[in-house]
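Peer 1: Here you go, one structure.
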Amino acid sequence: QVQLVESGGGLVQAGGSLRLSCAASGSIFSINVMGWYRQAPGKQRELVATITSGGLTNYADSVKGRFTISRDNAKNTVYLQMNSLKPEDTAVYYCRFTGGKDYWGQGTQVTVSS
């Protein structure tokens, strides 16, 4: 089992920044993918960004150039630095860990006011 603990969500004005963190603990495969997904009210959950244990990254087009995903393998923690936030970035952000099995965090609310 893998447990994921997210932090860093909150309320910010448009143009502002937030940094999300997700710490994984438990039975962690050394080869894995960690990522962030989001779900806005009335919409499907969508990919934001992912990063492999080897450092390869993938971003949704809507966040390219504004968001940066990174990880600290020693701490089994993934980060999402979100800059130039827009109201349409408002959503619940979920951390995902894929390594052997698939695990999801509980979600953290990000609200961007206009």
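Peer 1: If you count only protein heavy atoms with a 1.4 Å probe, what accessible area per residue comes out for the chain, rounded to a whole Å²?
Peer 2: Ligands and nucleic acids excluded, the figure is 52 Å² per residue.
Peer 1: Could you work out the percent of alpha carbon pairs in region 1-86 separated by over 17 Å, rounded to a whole number? Walk me through the intermediate numbers first.
Peer 2: Values: 1815 of 3655 pairs.
I get 50 percent for the Cα pairs in region 1-86 exceeding 17 Å.
Peer 1: Moving to a separate point now. Within the accessible area of the chain, what % is carbon and sulfur when the probe is 1.4 Å and the other protein chains stay in place?
Peer 2: Result for the chain: 50 percent of the exposed heavy-atom area is carbon or sulfur.
Peer 1: Separation between the Asn58 and Ala74 pseudo-spin-labels, each 7 Å from Cα along Cα→Cβ, expressed in nm?
Peer 2: A separation of 2.9 nm, rounded to one decimal place.
Peer 1: How high is the relative contact order of the chain, in percent, counting Cα pairs under 8 Å that sit 6 or more residues apart?
Peer 2: Working: 279 pairs, mean separation 41.2, N = 114.
Across the chain, relative contact order equals 36 percent.
Peer 1: Now for a separate question. What span do the alpha-carbon atoms of region 1-45 cover on each of the three principal axes, reported in whole Å from largest to smallest?
Peer 2: 38, 23, 15
Peer 1: Restricting to lysine pairs 8 or more places apart or on different chains, what number in the chain have Cα atoms under 22 Å apart?
Peer 2: Numbers: Lys43/Lys64; Lys43/Lys86; Lys64/Lys86; Lys75/Lys101.
Summing the qualifying lysine pairs gives 4.
The values are calculated or read from the model by the stated rules, or taken from the named source; none is laboratory data. Just so it is clear, the model here is predicted, and its values are computed rather than measured. Counting neighbours? That spans all protein chains shown, and the Cβs are built from the backbone with ideal geometry, glycine included. These area figures cover heavy atoms from the full protein model, side chains too; ligands, DNA and RNA do not enter into them. Shrake-Rupley method; radii C 1.70, N 1.55, O 1.52, S 1.80 Å.
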